[in-house]
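Contents: one structure, followed by commentary.
Read the figures in this text as sums done on the coordinates, not as results from a lab. Since the model is a prediction, treat every value here as computed from it, not as a measurement. No Cβ is skipped: glycine too gets one built from the backbone with ideal geometry, and neighbour counts run over all protein chains shown.
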Amino acid sequence: MNFSLAATLRTARPVVQAVFRLVTGFLFACHGAASLFGVLGGSHGGGTVPTLQWPGWWAAVIELVGGVLVSLGLFTRVAAVVCSGSMAYAYFSVHQPHALFPMVNGGEPAVLFCWTFLLIACLGPGAYALDALVKREAITTADESPAPVPTA
């Protein structure tokens, strides 16, 4: 039996990609839930973000909704781009003014989430994503529609 690491990794890629998407989306949604509902330790160690407060409440909504969509693999690429942009905004508006480097300004989570969601947007959802079901349903519906009647 000839074992090829490259072939094994190539075969595992869609599943690993799906697990990566699921874990990343779940962690991001937890941040949003903590800020919006005060669960999991709340926002920055306790409490919630005031409703409609800019930008904290809106960021928390993006974190919760975007994280859930990415976890489910539903509208994955669009949701991941929005989440990535949200984290880029968070880094440059909240962290970067204090110091240039993330290690100094506390922006490592924002930078990591930003680049992670950009990677998900570029690579797609991987296996076990609801995007595939939605796409399949759209194709099935299109195939079942009546053919157009030719006009003379």
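Summary of computed values
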| read-out | value |
| --- | --- |
| Max mean-square fluctuation residue, GNM over the chain, Cα-Cα springs under 10 Å, options PHE101, PHE20, PHE75 | PHE101 |
| Inter-label distance for LEU100 and LEU27, nm, one decimal - labels placed 7 Å from Cα along Cα-to-Cβ | 2.7 nm |
| Listed values [x] 14.6, 41; [y] 21.1, 58; [z] 19.9, 72, entry calculated as Rg and Dmax of the Cα atoms in Å | [z] |
| The chain, helix-only ellipticity at 222 nm - DSSP H runs n ≥ 4, -39,500 (n - 2.57), divided by all residues, nearest 500 | -22000 deg cm²/dmol |
| Pairwise label distance in nanometres, VAL19 with PHE3, each label 7 Å out on the Cα-Cβ vector | 1.7 nm |
| Span-like helix ranges in the chain, DSSP H, alpha carbon extent 15 angstrom or more, Kyte mean at least 1.0 | 5-37, 56-72, 76-90, 108-123 |
